[in-house]
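**Student:** Next up is a structure, given as structure tokens.
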Amino acid sequence: MSPCPIPAPLVTRLRAARRVAVLTGAGISAESGVPTFREAQTGLWARYNPEELATPDAFHRNPKLVWEWYAWRQERVRQAEPNPGHVALVKMERRIAGFTLITQNVDGLHRRAGSHQVLELHGNLFRAKCLDEDRPVENWPDSEEIPPRCPRCGALLRPDVVWFGEMLPAGALRAAEQAAATAEVFFSIGTSALVYPAADLPFTALRAGAMVVEINPQPTPLSSQVSFSLNGPAGEILPALVEQVWGASVPAGGTDT
Ligand code: BV8
């Protein structure tokens with residue numbers, strides 16, 4: 001049962017849509033128990049501001065602290081499961097030929113839910129790369145040293161995520177911009193719409209004449225611009241929306257390992 005009604009024009013538009021793009025932020029993983037990017041951190045990390053830790057400067061000043069922050073976040077995500085919001089997007093992907101899922105999240109939960117076409121604009125918690133070569137490193141020898149070192153060149157490893165002040169992966173960003181510019185319906189789900197260039201994508205869709213829908217329990221800078229603002233948790237609204245548009249018969253999303 002959705003906490004808020006799904007507008008009829010949106011239901012009608014989605015039934016006929018051939019191209020839909022979705023941008024997600026940390027809010028879609030909130031109901032999996034993964035803290036959102038800006039809500040207060042807990043325990044050892046309570047005294048740190050994520051925006052200060054997620055920077056090249058923080059890593060340069062204290063690589064061990066930053067590496068351990070990401071290890072703590074990895075552990076939180078490993079204990080989490082995709083929630084009904086993630087699964088609803090898997091079902092939506094199965095019903096719309098031109099479906100593109102763009103995420104700012106680094107938790108990998110969309111893929112674990114069964115989404116295939118995922119554009120990870122900010123990288124992935126579970127990938128590491130060489131600080132000097134800027135190339136992914138899959139495995140490295142056990143070592144007491146934190147962070148570990150690149151087995152190829154001996155430089156420090158770092159998380160393969162996009163920090164503040166760093167460029168986004170060009171290919172993923174280009175594909176996301178193309179999807180936003182051609183979407184008939186664009187969703188902005190669980191994001192505070194504060195971080196650029198991802199926060200530009202809904203405006204690209206608006207300028208191109210798309211129906212833009214926000215799903216968030218809180219208002220954001222985007223809320224006054226969108227066609228529909230559905231105020232509630234994605235884990236409740238998205239399943240209700242998918243059922244209302246396509247009926248309960250949509251095949252459930254298998255959970256990829
Ligand atoms: C760039 C990965 C070009 C790491 C992240 C000064 C110097 C340099 C750059 C800038 C500058 N000033 C501005 C910039 C640009 C900067 C930026 O936008 N800053 C902001 C803060 C103003 N952007 C960048 O630096 C980007 N790079 O611009 O390069 C450049 C280069 C040099 C100089 C200039 C420009 C790089 C941005 C990427 C940063 N990396 N993450 C990591 O995760 O550790 S961003 C981080 O924020 C996360 O990825 C997160 O996804 C993202 C956005 O946050 P949200 O996902 O929206 O999460 P948040 O907690 O904020 O909100 C959650 C929402 O969910 C809330 O609205 C809540 O109400 C809602 N919610 C809660 N529960 C639910 C829910 N919704 C639905 N259902 C629920 N149940």
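The values are calculated or read from the model by the stated rules, or taken from the named source; none is laboratory data. This structure is a prediction, so every number in the text was calculated from the model and none was measured. A quick note on method: Cβ atoms are made from the backbone with ideal geometry, for glycine too, and the neighbour counts reach across all protein chains shown. The protein model used for the area step is the full one, side chains on, heavy atoms only, and it has no ligands, DNA or RNA in it. Shrake-Rupley method; radii C 1.70, N 1.55, O 1.52, S 1.80 Å.
**Student:** Per the helix-only calculation at 222 nm, which mean residue ellipticity applies to the chain, given -39500 (n - 2.57) for every DSSP H run of n ≥ 4 and division by its residues, nearest 500 deg cm²/dmol? Intermediate results must be reported in sequence, preceding the final value.
**Tutor:** Values: 9 runs with 85 residues, N = 257.
My calculation for the chain gives -9500 deg cm²/dmol from helical runs alone.
**Student:** What FRET efficiency, computed as 1/(1 + (r/R0)^6) with R0 = 22 Å and r the Cβ-Cβ distance, is obtained for ARG19 and LEU194, rounded to the nearest 0.05? Write out the running numbers ahead of the final one.
**Tutor:** Details: r = 26 Å, r/R0 = 1.20.
For ARG19 and LEU194, the calculated efficiency is 0.25.
**Student:** How large is the direction-averaged shadow of the alpha-carbon convex hull of segment 1-137, in nm²? The partial results should precede the final answer.
**Tutor:** Numbers: hull surface 40.9 nm².
Convex hull of Cα atoms, orientation-averaged projection: 10.2 nm².
**Student:** Over segment 1-103, what is the mean sequence separation of C-alpha contacts under 8 Å (at least six apart), divided by residue count, expressed as relative contact order in percent?
**Tutor:** Once normalised by length, the contact order is 45 percent.
**Student:** Of all DSSP beta bridges in the chain, what percent run antiparallel (nearest 5)?
**Tutor:** Values: 7 of 29 bridges.
For the chain, the DSSP antiparallel bridge percentage is about 25.
**Student:** About the Cα centre of segment 1-96, how large is the charge dipole given +1 on each Lys and Arg Cβ and -1 on each Asp and Glu Cβ? Please answer in debye to the nearest 20.
**Tutor:** Working: 14 positive and 9 negative charges, 123 e Å.
Once rounded to the nearest 20, the dipole reads 580 debye.
**Student:** On to the next question. Could you state how much accessible area TRP140 has, in square angstrom rounded to the nearest 10, with a 1.4 Å probe and all protein chains kept in place?
**Tutor:** Its heavy atoms expose roughly 90 Å² to the probe.
**Student:** Near the amide H of LEU23, under 5 Å away, which other amide H atoms are found, from residues 5 or more places off or on another chain, if H is placed in the peptide plane?
**Tutor:** When sequence neighbours closer than 5 places are left aside, the close amide H contacts are ILE102, PHE187, SER188, ILE189.
**Student:** So what is the accessible area of segment 180-219 per residue, in Å², with the probe set to 1.4 Å?
**Tutor:** Details: 1380 Å² over 40 residues.
It amounts to 34 Å² per residue over segment 180-219.
**Student:** As a test question: what accessible area, to the nearest 10 Å², does VAL11 have when a 1.4 Å probe is rolled over all protein chains in place?
**Tutor:** VAL11 exposes around 10 Å² with every protein chain in place.
**Student:** With an 8 Å cut-off on Cα pairs and a minimum separation of 6 or more residues, tell me the relative contact order of segment 68-203 in percent. Numbers along the way, then the final one.
**Tutor:** Values: 159 pairs, mean separation 25.7, N = 136.
About 19 percent, as a whole number.
**Student:** First check a/c for segment 77-145, with a ≥ b ≥ c the square roots of the eigenvalues of its C-alpha gyration tensor; if it is under 1.5, answer rounded, and if not, answer prolate when a/b is larger than b/c or oblate otherwise. Display every interim value, and only then the final one.
**Tutor:** Details: a/c = 3.37, a/b = 1.96, b/c = 1.72.
Note, shape of segment 77-145 comes out prolate.
**Student:** What percent does the relative contact order of the chain come to when contacts are Cα pairs within less than 8 Å and at least six residues apart? Could the numbers behind the result be given before it?
**Tutor:** Values: 458 pairs, mean separation 70.4, N = 257.
Reported relative contact order: 27 percent.
**Student:** While we're here: Springs between alpha-carbon atoms under 10 Å, Gaussian network over the chain: tell me which of ASP134, ASP200, ASP160 tops the mean-square fluctuations.
**Tutor:** ASP134
**Student:** Measure out, as a whole number of angstrom, how far apart the alpha-carbon centroids of segment 230-249 and segment 30-50 sit.
**Tutor:** 27 Å
**Student:** When Lys and Arg each count +1 and Asp and Glu each count -1, what net charge do the other residues less than 13 Å away from PRO202, Cβ to Cβ, add up to?
**Tutor:** Values: positive: ARG207; negative: GLU177, ASP200, GLU214.
Around PRO202, the surrounding residues sum to -2.
**Student:** Please report the net charge: other residues with Cβ closer than 13 Å to the Cβ of PHE99, K and R +1, D and E -1. Intermediate values should be presented prior to the final figure.
**Tutor:** Working: positive: ARG18, ARG19, LYS91, ARG94, ARG95; negative: GLU93, GLU184.
Charge balance near PHE99 sits at +3.
**Student:** Out of GLY247, GLY85, GLY43, any idea which swings most in a Gaussian network model of the chain, alpha carbons joined below 10 Å?
**Tutor:** Ranking GLY247, GLY85, GLY43 by mean-square fluctuation puts GLY43 first.
**Student:** For the charge dipole of the chain, defined by +1 on Lys and Arg C-beta atoms and -1 on Asp and Glu C-beta atoms about the Cα centroid, which residue among LEU65, VAL212, ALA155 has the Cα displaced farthest towards the positive pole?
**Tutor:** Farthest along the dipole direction, towards plus: VAL212.
**Student:** At 1.4 Å probe size, with no ligands or nucleic acids counted, give the accessible surface of ARG15 in Å², nearest ten.
**Tutor:** For ARG15, solvent-accessible area is about 140 Å².
**Student:** Shifting gears a bit: Could you work out what % of the accessible surface of the chain is carbon and sulfur, using a 1.4 angstrom probe and leaving DNA, RNA and ligands out of the count? Intermediate values should be presented prior to the final figure.
**Tutor:** Values: 6300 of 12060 Å².
After summing per-atom areas, the C and S share lands at 52 percent.
**Student:** Based on C-alpha coordinates, I'd like the Rg and Dmax of the chain, in Å.
**Tutor:** For the chain, the Cα radius of gyration and maximum Cα-Cα distance read 18.7, 58 Å.
**Student:** Within the set of other residues whose C-beta is less than 12 Å from the C-beta of VAL137, count the net charge using Lys and Arg as +1 and Asp and Glu as -1. Provide the component values of the computation, followed by the final result.
**Tutor:** Values: positive: ARG127, LYS129, ARG135, ARG149, ARG152, ARG158; negative: ASP132, GLU133, ASP134, GLU138, ASP160.
Residues close to VAL137 contribute a combined charge of +1.
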